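Please read the structure below before turning to the comments.
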Protein chains: 2
Amino acid sequence: MIDIREVGPRDGLQVESPLTVEQRIEFIQCLIAAGVNHIEIASFMRDDLVPSMAGAEQVVAGVPARAGLTRTGLVANTKGAKRALACGLDEVTITVSLSETYSQKNTGKSRREALTTTGEILNCIDAKIPTDVVISCAFGSPYADVSMQHDLLKFVDEFRGLGCDRITLADTTGEATPRLIREALALVGTDVGLHLHETRGTGLVNAIAGLEAGVRRFDCSLGGIGGSPFANGAAGNVATETLVFLLHDLGYQTSIDLDKLLAVAPLLSQMIGHRLPSALAHLH
Amino acid sequence: MIDIREVGPRDGLQVESPLTVEQRIEFIQCLIAAGVNHIEIASFMRDDLVPSMAGAEQVVAGVPARAGLTRTGLVANTKGAKRALACGLDEVTITVSLSETYSQKNTGKSRREALTTTGEILNCIDAKIPTDVVISCAFGSPYADVSMQHDLLKFVDEFRGLGCDRITLADTTGEATPRLIREALALVGTDVGLHLHETRGTGLVNAIAGLEAGVRRFDCSLGGIGGSPFANGAAGNVATETLVFLLHDLGYQTSIDLDKLLAVAPLLSQMIGHRLPSALAHLH
């Protein structure tokens, strides 16, 4: 069974014009009805800083806990962690970056400060729910300040040492190739998640390379939404439906009913007001 | 060395609003300047039937023969074959379909009639230049009338028996998956070309599956143009630049200078009047 974590409601919608809480709940419930059992549904930032993710508690309240469903939320500090715990979330993700420059630009924190903050978050969570540290720019960065071979394993080990439950390697800016995927997995092992983007149109190829190397956890988004707000969303996440289509064809199982998932695509497209990047989303 | 056959000037531009002969020559010359050494530059149909490909002889005249360059043209009958020979083309492609329904719809001919016509074309060419039979719907068709396991090898062998020099397997309607690619190659061998589309967003994944199985010839188009005239060109060919980027990263050689090729993308986009489907084309 391949673990497909749908990140559309968070990583996807974050770069879109804000939807209402009700729309986001409807989208998430449609995903659940299609068999998606692992979903990043919220982000516990300040509503004024990330308006598209405002009302996290209301979204979580609108998607009650149920057996077999993992509702994930992104937290950036202990305040967010407390909010996530208080509303009964099932898993938290914490994003850090292997690139010093990207870390500074994206969060205003150095890699060292991010490590400290992550330790505080993990202490706050206190193993009450699973924690996943998502390492952005894991395969390189546009600032040429990442040496994957030299830095990645050390960085991963620091977070493992802090006691996080999972590590996810993220190709935030589209640097990964099948070669780099294999090299990264040789360094840190295949018990990681992969969070890949189509910045160069190579996200799906990289996902399949990871699959063939033994990875069993993937982040993706319905329709391939997300990423930087380029026209056409070309830099979005790997499209859930395309990855699931290939996985099923290759004989792997997921929790997802592909036909039902594809039926959700028009609703999503209507909600965000533009065409979805994924080709497969338009064939049904 | 991987043989990259750029089909943008034919398979790509065919579905666009017609460019002038001069524009098409300029596009082709830019490709050559970027190191592309195998290009489908023309189609010898009736100008009134395919206006976007009108003036084939003028295009060929504007792209003179040179050592190391293979200028390819599509022919559909002996009349086209004679024209291709007369203007000094280097290679012809002949398209047939494994799907009876697709064959009838696309050409008005049955598979049996297409075999006869191909024999006539090959006789006319008389081994003066290489011939490549492109088998469309090789991996399946939307009409569910193709049994790849049962029919493909027999079909390929009939054309090999007629004396064509090459076979290319085309995924005209986006049915292929890595599994089907591997199954097809197990049937007919890896000494074939692959002509893959992004109808389901899986073209590049399929190309890499073919590469790993041993295929060394690929059709693709700059910017991923071509295919059915869907919005955004989502059903276009595998993008040349993305495949070349991955091939070079994996240590394979091509004739192409990737940076120079990417520099041609804005010109192409301007000529056809819309954004190119490929993500990589927009990063430079």
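The values are calculated or read from the model by the stated rules, or taken from the named source; none is laboratory data. None of these values were measured; they are calculated from a predicted model. No Cβ is skipped: glycine too gets one built from the backbone with ideal geometry, and neighbour counts run over all protein chains shown. All accessible areas refer to the heavy atoms of the entire protein, side chains included, with ligands and DNA or RNA removed. Shrake-Rupley method; radii C 1.70, N 1.55, O 1.52, S 1.80 Å.
A compact table of results
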{"item": "Cα Rg over Rh - the protein assembly as shown, Kirkwood", "result": "1.02"}
{"item": "For the stretch B:127-243, Kirkwood radius (reciprocal of mean inverse C-alpha pair distance, Å)", "result": "14.2"}
{"item": "Cβ-vector label at 7 Å, B:Lys79, separations to other copies in nm", "result": "7.6"}
{"item": "For A:Arg5, distant residues with modelled amide H under 5 Å away", "result": "A:Phe218, A:Asp219, A:Cys220"}
{"item": "Cα centroid separation - the stretch A:179-217 against the stretch B:245-260, whole Å", "result": "21"}
{"item": "For A:Gln23, label point 7 Å along C-beta direction: distances to other copies, nm", "result": "3.7"}
{"item": "Spatial extent of the stretch B:45-130: Rg and Dmax, with the Cα atoms as the point set, Å", "result": "13.6, 41"}
{"item": "Helix-only CD estimate at 222 nm, as mean residue ellipticity for the protein assembly as shown, using -39500 (n - 2.57) per DSSP H run (n ≥ 4)", "result": "-11500 deg cm²/dmol"}
{"item": "Pair B:Thr190, B:Ala67: separation of 7 Å Cα→Cβ label points (nm)", "result": "3.1"}
{"item": "Computed Kirkwood radius, in angstrom, where 1/r is averaged over Cα pairs of the stretch A:3-282", "result": "18.5"}
{"item": "Proximal lysine pairs, chain A, alpha carbons under 26 Å, eight or more residues apart or interchain", "result": "8"}
{"item": "Label distances, nm, B:Gly119 versus same residue in remaining copies, Cβ-directed 7 Å point", "result": "8.1"}
{"item": "Long-range HN-HN contacts of B:Asp171 with modeled amide H, under 5 Å", "result": "B:His195, B:Leu196, B:His197"}
{"item": "Residues whose placed amide H lies under 5 Å from that of A:Ala235, excluding near-sequence neighbours", "result": "A:Phe230"}
{"item": "Full-stretch length increase - B:Glu183, B:Gln29 - with 0.36 nm per residue and alpha-carbon distance subtracted", "result": "51.7 nm"}
{"item": "Accessible area buried, both sides summed, chains A and B with 1.4 Å probe, Å²", "result": "2500"}
{"item": "Distance (nanometres) between label positions extended 7 Å along Cα→Cβ at A:Asp157 and A:Ala127", "result": "2.3"}
{"item": "Whole-number percent relative contact order across chain B, with pairs defined as alpha carbons under 8 Å at least 6 apart", "result": "20"}
{"item": "Spin-label pair A:Thr78/A:Met271, simplified geometry with 7 Å Cα→Cβ offset, distance in nm", "result": "3.4"}
{"item": "Global geometry of the stretch B:1-101, whether rounded, prolate or oblate, following the gyration tensor of its Cα atoms and the 1.5 cut on a/c", "result": "rounded"}
{"item": "Karplus 3J(HN,Hα) series, Hz, for the stretch A:52-60 with 6.51 cos²θ - 1.76 cosθ + 1.60 (x for Gly, Pro)", "result": "5, 10, 4, x, 4, 4, 5, 4, 4"}
{"item": "Peptide A:196-203, shielding by other chains (average Cβ, 10 Å cutoff)", "result": "6"}
{"item": "Axis-proximal residue, chain B, for the rotation superposing B on A (Cβ, Å)", "result": "B:Val205, 3"}
{"item": "Cα-based radius of gyration of the stretch A:95-158 once divided by 2.2 N^0.38 Å, which approximates compact folds", "result": "1.13"}
{"item": "Peptide A:269-281, shielding by other chains (average Cβ, 10 Å cutoff)", "result": "3"}
{"item": "13 Å beta-carbon shell around B:Val21, net charge (K/R +1, D/E -1)", "result": "-3"}
